[in-house]
Amino acid sequence: MSISPIGPIGSIPVAPATTRATGTQGAGFGQALAQGLDQLNGLQQTSDTKSVQAVTGQLSDIHDYTIAANEAALATQLTVAVRNKAVEAFTEIMRMPV
Amino acid sequence: MSIFGAIDTAGSSLTLHRTWLDAISDNIANINTVRPTSQSAFQARYVVAQSRGNGTGVDVAGIALGSAQGRMVSDPTNPLADAQGYVRMPDIDMSEQMTQLIMSQRGYQANLAVVERAQQAYQQAIGLGR
C-alpha cells in the first residue's frame, strides 16, 4: 500500500477581470429626459413660428397655431410632471435612514 | 406619429374642412356670375379628400371643377347676351351649397371637439398618480 505523492501546486487561477456595469441602466432615464426635452423644444419652436405667422398675417389656418400652442403646453406639463416625479424619487431616497 | 397623435389627426381634418368651407364660400360668391356664351361658365369647386392610409388623418388631394357648360339662360337685356339673347350662368345649386355648408361646419366643429377631448385625456394622463 503506497501513499500517492502530493502533486505540484498549480498556478493560482486568476479571477476574471471584473467589467464595470455598462451605463445602460444609468443612462436610460437621462436619455429619455433629454429626448423629451428635445421634443418639447421642437414643439415650442413650432408654436413660436406659428404665432409669429399669425400676427404677421401669413397663417392660413387658425387651428394650426392653436393646436401647436396646445401641444407645446401639454408637452411642458408632461415634462414638468416627469421632473417632479424624479425629484420626488430623489428626496425619498435621501430621506432613507442609514 | 408624434406623442399627441389624436390632436394631429384631428388637425389634418380641420384643414380639410376649412378648405371645404373656402370652396363653398367661393361657389356661393360666384353663384350669380354671368359670362357671355362665348366663354365657359364659372366652375363650381369641389374639394377632393384623401385618407392618409396609415391612420394619421386626411389630406386635401385637390380641387375638382364642376361643369364648364353651366346653364344657358335667356336674358336679352343683359349686356353680355349673345345674338339669341342667351348668357351663361354657373351650374351651382344654392340649396345644395347651403347643405354642404352645414356639413362642412359641423365637420369642423366635430374635429374641434376631438381636439378638446384628446387634450383633456392627455392632461388626465399627465396628472396620473398626482
Residue in segment B:98-106 that is at pLDDT 95 or above, open to solvent by less than 50 Å² (accessible area, probe 1.4 Å) and closer than 27 Å to B:THR19 by Cβ present: yes
Residue count, segment B:61-73 (criterion: open to solvent by less than 70 Å² (accessible area, probe 1.4 Å) and either more than 17 Å from the chain's Cα centre (by Cα) or on the phi < 0 side of the Ramachandran plot (or both)): 7
Some residue of segment B:81-100 being within 14 Å of another protein chain (Cβ to nearest Cβ), touching a residue at least 60 places away in the same chain (Cβ under 8 Å) and β-branched (Val, Ile, Thr): no
Residue match in segment B:8-17 (condition: open to solvent by 40 Å² or more (accessible area, probe 1.4 Å) and more than 22 Å from B:TYR108 (Cβ to Cβ)): no
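So which residues in segment B:27-60 are in a helix (DSSP H, G or I) and surrounded by 14 or more Cβ atoms within 10 Å (Cβ to Cβ), if there are any at all?
First pass over segment B:27-60, keeping only residues in a helix (DSSP H, G or I): B:27-29.
Matches in segment B:27-60: B:ASN27, B:ILE28.
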Selection status of B:ASN54, more than 22 Å from A:ILE62 (Cα to Cα) and without any contact (Cβ under 8 Å) to a residue 24 or more places away in the chain: yes
Selection status of A:ALA69, open to solvent by less than 60 Å² (accessible area, probe 1.4 Å), at pLDDT 90 or above, in a helix (DSSP H, G or I) and more than 9 Å from chain B (Cβ to nearest Cβ): yes
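Can you tell me which residue among A:GLN58, A:GLN35 is open to solvent by 60 Å² or more (accessible area, probe 1.4 Å), more than 9 Å from chain B (Cβ to nearest Cβ), closer than 23 Å to B:ASP8 by Cβ and not in a helix (DSSP H, G or I)? Quick ask: steps written out before the conclusion?
Details: A:GLN35 fails: not in a helix (DSSP H, G or I).
Just one listed residue meets the conditions, A:GLN58.
The values are calculated or read from the model by the stated rules, or taken from the named source; none is laboratory data. Model, not experiment: these values are computed from the prediction. Please note: Cβ atoms are built from the backbone with ideal geometry, for glycine as well, and neighbour counts cover all protein chains shown. For accessibility, only protein heavy atoms count, side chains too; no ligands or nucleic acids. Shrake-Rupley method; radii C 1.70, N 1.55, O 1.52, S 1.80 Å.
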